[in-house]
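What follows is one structure encoded as structure tokens, with my remarks underneath.
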Amino acid sequence: MVVAPDDDAFVPPRPPRRKAPWIAVGAVVLAGAVWGGTEAYQAWQHDKVECAPGISKQGTRAECIGVTDGSFAFDPSLKEVMGKIEAENVRVEKSGKEYVSIAYVEPLTTVKGEEEAKYGLRGELMGAYLAQRELNDPDLGAGRGDLPQIRLLVGNLGLRSEQWRTLTDDLVAMSHDGNHLVAVAGFGQSRGGTRAAVDALRDAGIPMMGATVTADSLSDAADPGFFRTSAPNRDQARGAANYLRAQQRKNPGYKVAVIRDRNEDDIYNTSMSSAFQEAAVSRGLRTEGAPLEFLSGVDGVSNAFSSVADKVCDLEPDAVFFAGRGVDIRNFIYSMSAPDRRCPVTLVTGDDAVGAYYGSLESESRREKFRTEWTDSKVTVLYTSLAHPALAGELYAEANNPLPDFLSLYRTEFGGAADGTMQVLQDGQVIMGHDAVWTLGIAVRNAAGPDGKGQVNTGATLQMLLQLSGRSAVSGLSGPISFASDGNPDGKPMALVRMEPSGVYTFREVLRP
């Protein structure tokens, strides 16, 4: 059922019972009694472990893990968008209209060297918020009504999704209490912790919508519950293989090599590698010799790429398919920029390529050095983008293109000139965050029925997600979204995009799996 607002503020989930912390607290209370400072010590201990109501410090890094209505920002870079989410949630609760909750979860804390991830996450949350606004305002919602209203909650999975257990416990509790959580979106990068979180929520019957998470192993036709608006690695690899095979048809001497990461814990890399190998065979794509390999997450990666770069120059391929993360594309570019290399090559890869850029908190001198090294390296980077502002114009008739109205709302909420706004959207993060929440919102509205009064819970939301196919496809900013039986988008087109050293993403063509 949908729930009506009351006078209560955000209700954090009941924390799971954990024995060890209570033993520790008991010990310090006893010690405090000895010197007469029990009350002061308890207050200090409370501040030490709690970041905000319902959000506590977890793990060896003392990360703030939990779910917020926007009143806690997790990181200074998220303050603006979280403030807007909080304001919209307050308006929903005071509106007198019935509402349900959708949570958007991501690894919202990072460490030095991974700070660029924060800016991609901020883009996703901006898109999620704009979808919430469209769903809640009938003047913005393209005829989708406004009941039930949508509360947007935000949860932190922790660095590399390692704190998934604490967060999923909280989300499961919220699906049964007054928060009335009906679905979860987001999920960040494809890692082992992400898969564990998906499995836990699937077991609890909570439907999910991945935004930029692409590993194939997350989907399961036999056990539905996980959907995604993003093209999975299987489809990205097929699109890349189609492009490279077309180059070989034009030029029979066109040579393709493969570089892959052997880190088995990173399911993005492993599934991208296996999917490309399968696609190459099925499409008759010729590749040169055995894949060139490196192992991320351990010391000596730079040395490994020095060797890989030498081998690439020895092979002299026209292109390499790169099954690895964006940060390692950066390592490859640095290695290829050495004066005794600089052999021209086109690197074709998947959507994580955007991680190659240094984030805005890096010094300008370091970013300028990378731009120079990239130019010197003679490496051209093409990747299968999940979304690009130019893609909608290729896939929709002008009268049916949802992007212009979205751009108007974006500028109203976050500012920026028309050209500047389009550049902000080029990496696809805002678009994909929007489409994940927008699609869940459509399922919620379908469950509520024409009058908005039908029963809406996790089960009803799941049932309606299963119906979003064929003529019931959702008009997403990234293209029409129609789900196959395994929850993946059914044959969804992608954009082939060239990444420029200047930070510009240039649309090249539409790719199909």
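As for segment 477-492, it holds at least one residue that is under 24 Å from LEU140 (Cα atoms), in contact (Cβ under 8 Å) with a residue 24 or more places away in the chain, outside the structural domain of ASP177 (by TED's automatic domain parsing) and out of contact with any Asp or Glu (no Cβ under 7 Å at 6 or more places or on another chain).
Results for (1) modelled with pLDDT of 95 or more; (2) assigned to a helix (DSSP H, G or I); (3) more than 20 Å from the chain's Cα centre (by Cα); (4) under 21 Å from ALA275 (Cβ atoms), shown as yes or no for each residue.
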position: LEU153; (1), (2), (3), (4): yes, no, no, no
position: ARG160; (1), (2), (3), (4): no, yes, no, no
position: ARG165; (1), (2), (3), (4): yes, yes, no, no
position: SER190; (1), (2), (3), (4): no, no, no, yes
position: VAL198; (1), (2), (3), (4): yes, yes, no, yes
position: ILE206; (1), (2), (3), (4): yes, no, no, no
position: MET209; (1), (2), (3), (4): yes, no, no, no
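Looking only at segment 118-139, which residues are out of contact with any Phe, Trp or Tyr (no Cβ under 8 Å at 6 or more places or on another chain) and either among the small types (Gly, Ala, Ser) or not in a loop (DSSP other than H, G, I, E, B) (or both)? Across segment 118-139, the qualifying residues are LYS118, TYR119, GLY120, LEU121, ARG122, GLY123, GLY127, TYR129, GLN132, ARG133, ASN136. When each of ARG325, ARG330 is tested for being assigned by TED's automatic domain parsing to the domain that holds ALA257, more than 22 Å from PRO252 (Cβ to Cβ) and free of Cβ contacts under 8 Å to residues at least 60 places away in the same chain, the lone residue that passes is ARG330.
Exactly one residue out of ALA443, ALA417, ALA447 is exposed (fewer than 15 other Cβ atoms within 10 Å of the Cβ), of a type in the set (A, V, I, L, M) and either farther than 30 Å from VAL379 by Cα or free of Cβ contacts under 8 Å to residues at least 60 places away in the same chain (or both), and it is ALA417.
Among all residues of segment 213-226, there is at least one that is assigned by TED's automatic domain parsing to the domain that holds ARG165, among the aromatic types (Phe, Trp, Tyr) and outside any helix (DSSP H, G or I). Exactly one residue out of LEU315, LEU409 is surrounded by fewer than 19 Cβ atoms within 10 Å (Cβ to Cβ) and not assigned by TED's automatic domain parsing to the domain that holds ASN263, and it is LEU409.
Pairs linking a residue in segment 221-243 that is without any contact (Cβ under 8 Å) to a residue 24 or more places away in the chain to a residue that is surrounded by fewer than 24 Cβ atoms within 10 Å (Cβ to Cβ) and among the charged types (D, E, K, R), with Cβ atoms under 7 Å and 6 or more positions apart or on different chains, are ASP223/ARG202.
You will find that of LEU171, LEU201, the residue that is without any contact (Cβ under 8 Å) to a residue 60 or more places away in the chain and surrounded by 19 or more Cβ atoms within 10 Å (Cβ to Cβ) is LEU201 and no other.
Within segment 266-297, being assigned to a helix (DSSP H, G or I), in contact with a Ser or Thr (Cβ under 8 Å, 6 or more places away or on another chain) and free of Cβ contacts under 8 Å to residues at least 60 places away in the same chain holds for ASN269, ALA280.
When the test is whether a residue is touching a residue at least 60 places away in the same chain (Cβ under 8 Å), buried (at least 21 other Cβ atoms within 10 Å of the Cβ) and not hydrophobic (A, V, I, L, M, F, W, C), THR375 does not pass it.
Within segment 355-367, one or more residues are under 22 Å from ALA237 (Cα atoms) and in contact with a helix residue (DSSP H, G or I) (Cβ under 6 Å, 6 or more places away or on another chain). If the condition is being within 16 Å of ASP75 (Cβ to Cβ) and of a type in the set (S, T, N, Q), then segment 162-190 contributes only GLN163.
Inspection of segment 69-76 finds no residue satisfying the criterion of being at pLDDT 95 or above, surrounded by fewer than 21 Cβ atoms within 10 Å (Cβ to Cβ), in a helix (DSSP H, G or I) and not assigned by TED's automatic domain parsing to the domain that holds PHE414.
Restricting attention to segment 244-260, does a residue exist that is part of a loop (DSSP other than H, G, I, E, B), in the same structural domain as VAL345 (by TED's automatic domain parsing) and under 23 Å from ILE333 (Cα atoms)? Yes: one or more hits. Taken over segment 461-476, residues that are surrounded by fewer than 19 Cβ atoms within 10 Å (Cβ to Cβ) and part of a helix (DSSP H, G or I) amount to 4. Looking at ARG508, ARG445, ARG498, just one residue is in the same structural domain as PRO207 (by TED's automatic domain parsing), touching a Leu at 6+ places or on another chain (Cβ under 8 Å) and of a type outside the set (Ser, Thr, Tyr), and that residue is ARG445.
Within segment 207-224, the set of residues being farther than 18 Å from PRO493 by Cβ and buried (at least 24 other Cβ atoms within 10 Å of the Cβ) comprises PRO207, MET208, MET209, VAL213, ALA215, LEU218. Of everything listed in (1) acidic (Asp, Glu); (2) closer than 27 Å to GLY96 by Cβ; (3) crowded, with 24+ Cβ neighbours inside 10 Å, the single unmet condition for ASP427 is (2). Note on segment 294-311: among residues that are under 28 Å from the mean Cα position of the chain (by Cα) and of a type in the set (Ser, Thr, Tyr), the one that is surrounded by the most Cβ atoms within 10 Å (Cβ to Cβ) is SER296.
The values are calculated or read from the model by the stated rules, or taken from the named source; none is laboratory data. What you are looking at is a predicted structure, and each value in this text was computed from that prediction instead of being measured. Here the Cβ is made from the backbone with ideal geometry for all residues, glycine too, and neighbour counts use every protein chain on show.
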